[in-house]
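The values are calculated or read from the model by the stated rules, or taken from the named source; none is laboratory data. Quick caveat, the model's predicted, so the values are computed rather than measured. Cβ coordinates were reconstructed from backbone atoms using ideal geometry, including for glycine residues, and neighbour counts include every protein chain displayed.
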Amino acid sequence: MSQDSATATEAARKLTGRRRREVVAVLLFSGGPIFESSIPLSVFGIDRQDAGVPRYRLLVCGGEEGPLRTTGGLELTTPYGLEAISRAGTVVVPAWRSITSPPPAEALDALRRAHEEGARIVGLCTGAFVLAAAGLLDGRPATTHWMYAPTLAKRYPSVHVDPRELFVDDGDVLTSAGTAAGIDLCLHIVRTDHGTEAAGALARRLVVPPRRSGGQERYLDRSLPEEIGSDPLAEVVAWALEHLHEQFDVETLAARAYMSRRTFDRRFRSLTGSAPLQWLITQRVLQAQRLLETSDYSVDEVAGRCGFRSPVALRGHFRRQLGSSPAAYRAAYRARRPQGVAESAATVVETTVPSQGPPPGRRGTPVSAAPVAVAASVGPGEHSLPGPDAFVPGRPALPGQRSAP
């Protein structure tokens, strides 16, 4: 038995008599996005026994006084309040309205009690912020939408945030990335509870793949976290993004910030939730990804235009971050893109990417660290739109990508 399975089994044994795993409470708040909120309602609230999917009992709970206002100004009323969570063996928080505001204390207390009594606690997308505020992610691995991962890591430094995963199962506490990744995690829960056949039957009903390959890496953006905008480091980071075609390292960035390497590392991590070396490598890979998508440069040329010391360095980091070689990624991308789009985009890139030419005396980028993303934090409610990891029927997975957990 794996460590995760052992942890899940132990958690199941802790369930008090009135709690059952098949009783699922979904905790809704005002201001939550309707798409993410509807995912657990659809997965656990519809009787699909005719298709071979075991039935769950759904309790839709309001995390605060209603009516609850959601996407598009819709108002919802829930049949249950926080008291119903005491009967659930699985509690799902599908989203939280704002990554900058604290959830209601009563809801956090209810989640803590449920967890103490053995309930499985699930946070979809920004629901991870509610779990973190309740202290349920302390010392645990977790994920959330890649846009919010830096903010989660900064606000809750004891949480081991991994923005690359579609979902993370840590036994009795589970988290997912944004939008469609919530479906992935709910399918995983069904698979854990009732096996592969039941999850496959549910996936067919939902018209989604039963198990997606890859993680969030291919959706990561290179924008800066919102909070860094007024910080003195913002100018240094902006310079780095404008000069990715040059070969420079973290010592160069520290010098531009007039800091020692140690101080720079500490300040950068506190602002972004990522080590500067990891961030720099990720930005170079993201730039390479764009050039492979929108230009006809050879892999060697792409490596030079993204500041890698050699094509070998590019290939190693590209495979670790995206699970595919640069050539295979380009082939898969072009196979699913209209020819005209790639050609027109290539023209834009040709005019915006600086020409190769590393300045003398600067060392190349080290090649030993695994990438962790830094991306933009956006305003409340923006995550209610279909996210970048939404499943697109007929779109092939990239060759060689690693499987989700």
Pick out the one residue from R284, R336, R269 that is basic (K, R), farther than 28 Å from A254 by Cβ and either within 22 Å of the chain's Cα centre (by Cα) or at pLDDT below 90 (or both).
R336
What number of residues within segment 169-198 satisfy the criterion of being assigned to a helix (DSSP H, G or I), over 13 Å from T90 (Cα atoms) and among the hydroxyl-bearing types (S, T, Y)?
1
Across (1) surrounded by fewer than 23 Cβ atoms within 10 Å (Cβ to Cβ); (2) touching an Asp or Glu at 6+ places or on another chain (Cβ under 8 Å); (3) at pLDDT below 90, T192 clears everything bar (3)
Here are G135, G118: which of them is surrounded by fewer than 17 Cβ atoms within 10 Å (Cβ to Cβ) and more than 18 Å from the chain's Cα centre (by Cα)?
G135
Go through T77, T90, T70 for me and flag whichever is buried (at least 21 other Cβ atoms within 10 Å of the Cβ), farther than 10 Å from F29 by Cβ, touching a strand residue (DSSP E or B) at 6+ places or on another chain (Cβ under 8 Å) and hydroxyl-bearing (S, T, Y).
T90
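Can you say whether E83 is closer than 13 Å to L27 by Cβ, surrounded by fewer than 23 Cβ atoms within 10 Å (Cβ to Cβ) and more than 18 Å from the chain's Cα centre (by Cα), as far as the supplied structure shows? If you could, list the steps in order and put the result at the bottom.
Values: closer than 13 Å to L27 by Cβ: yes; surrounded by fewer than 23 Cβ atoms within 10 Å (Cβ to Cβ): yes; more than 18 Å from the chain's Cα centre (by Cα): yes.
For E83, the condition - closer than 13 Å to L27 by Cβ, surrounded by fewer than 23 Cβ atoms within 10 Å (Cβ to Cβ) and more than 18 Å from the chain's Cα centre (by Cα) - is met.
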Sort out which residues of segment 287-296 are in a helix (DSSP H, G or I) and over 19 Å from the mean Cα position of the chain (by Cα), and write them in order of number.
Q287, A288, R290, L291, L292, E293, T294
Residue under evaluation A51, criteria (1) touching a helix residue (DSSP H, G or I) at 6+ places or on another chain (Cβ under 6 Å); (2) surrounded by 15 or more Cβ atoms within 10 Å (Cβ to Cβ), criterion not met
(2)
Failed item, numbered, when D265 is tested on (1) crowded, with 18+ Cβ neighbours inside 10 Å; (2) under 17 Å from P150 (Cβ atoms)
(1)
Condition set among the hydroxyl-bearing types (S, T, Y) and either within 25 Å of A95 (Cβ to Cβ) or surrounded by 15 or more Cβ atoms within 10 Å (Cβ to Cβ) (or both), scope segment 1-48, selection modelled with the lowest pLDDT: answer is T7
Matching entry among P104, P157 (being surrounded by fewer than 24 Cβ atoms within 10 Å (Cβ to Cβ) and either modelled with pLDDT of 95 or more or within 15 Å of G63 (Cβ to Cβ) (or both)):
P104
Got a sec? Which of G118, G66, G123 is modelled with pLDDT of 95 or more and of a type in the set (G, A, S)?
G123
Residue satisfying all of: in segment 298-330; more than 17 Å from E246 (Cα to Cα) and among the charged types (D, E, K, R); modelled with the lowest pLDDT among these:
R320
(1) surrounded by fewer than 16 Cβ atoms within 10 Å (Cβ to Cβ); (2) farther than 19 Å from T179 by Cα; (3) of a type in the set (S, T, Y) all hold for S98 apart from (2)
Return the total of residues in segment 239-266 being outside any helix (DSSP H, G or I) and either under 23 Å from D162 (Cβ atoms) or within 23 Å of the chain's Cα centre (by Cα) (or both).
0
